[in-house]
Amino acid sequence: MSAALLRALEHVHGHVAWLSTLALYHPAILLRRPRRRAVGAALSATALVTATVTLGAMIYAAYREHVKPALFVSSPLIGSLFERKEPLGVGAVILAWAGLSLHLSARNEDPELRASRAAFVAYAGAAVFTTLAATMGVIVAVFRTF
């Protein structure tokens, strides 16, 4: 991939990351009430965070080769932020998919049962994880990019 394409994908990844962060708060807020159905919000938020991670995975090999070594040499602290960002992003995707699965499985259950509450907790956790990961991503991108 050319440097221009990598840089464009990096920017798209960052923007989609913030969109997915905001989108994950939507089902988290809606699912606070166990009787509330939020299938559309849950599906779209899960799709956005999955797209974010997919874009990140597409540019990761080039990032590891071209940016990461220089980043760690110039600022180990900023390099460490990036290393912390990755597991948070993966955790957000796992929690979002868990939340979606739980929300869809809770469709025919008594609203007071655990699956509805667990879906809320999963989306709230995913929203917090993406907030942290996106913030760390901005700090890293301001410091060094392709």
At R0 = 41 Å the Cβ-Cβ FRET efficiency linking residue 35 and residue 5, nearest 0.05, sits at 0.30
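On average, how much area does the Cα convex hull of the chain cover when viewed from any direction, in nm²? Numbers along the way, then the final one.
Values: hull surface 32.7 nm².
The orientation-averaged projected area of the Cα hull of the chain comes to 8.2 nm².
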Could you work out the relative contact order of region 3-143, using alpha carbon pairs under 8 angstrom and six or more residues apart, expressed as a whole percent? 35
Among 90, 141, 11, flag the residue with its Cα farthest along the positive direction of the charge dipole of region 3-143, charges on Cβ as +1 for Lys/Arg and -1 for Asp/Glu. 90
Full-extension gain between residue 60 and residue 86, please, as 0.36 nm times their residue separation minus the C-alpha to C-alpha distance. 8.4 nm
Within 10 Å of each residue's Cβ, count the other Cβ atoms and sort 58, 1, 136 from fewest upward. 1, 58, 136
Karplus couplings for region 2-10 from phi (6.51 cos²θ - 1.76 cosθ + 1.60, θ = phi - 60°), rounded to Hz, Gly and Pro as x? 6, 4, 5, 5, 4, 5, 5, 5, 4
Answer in debye to the nearest 20: the dipole magnitude of region 75-138 about its Cα centre, from +1 Lys/Arg and -1 Asp/Glu charges placed on Cβ, is 80
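Read-outs throughout are calculated quantities, based only on the coordinates presented, and are distinct from any laboratory measurement. Because the structure is a prediction, the values reported are computed rather than measured. When we count neighbours, we look across all protein chains shown, and the Cβ atoms used for this are built from the backbone with ideal geometry, even at glycine.
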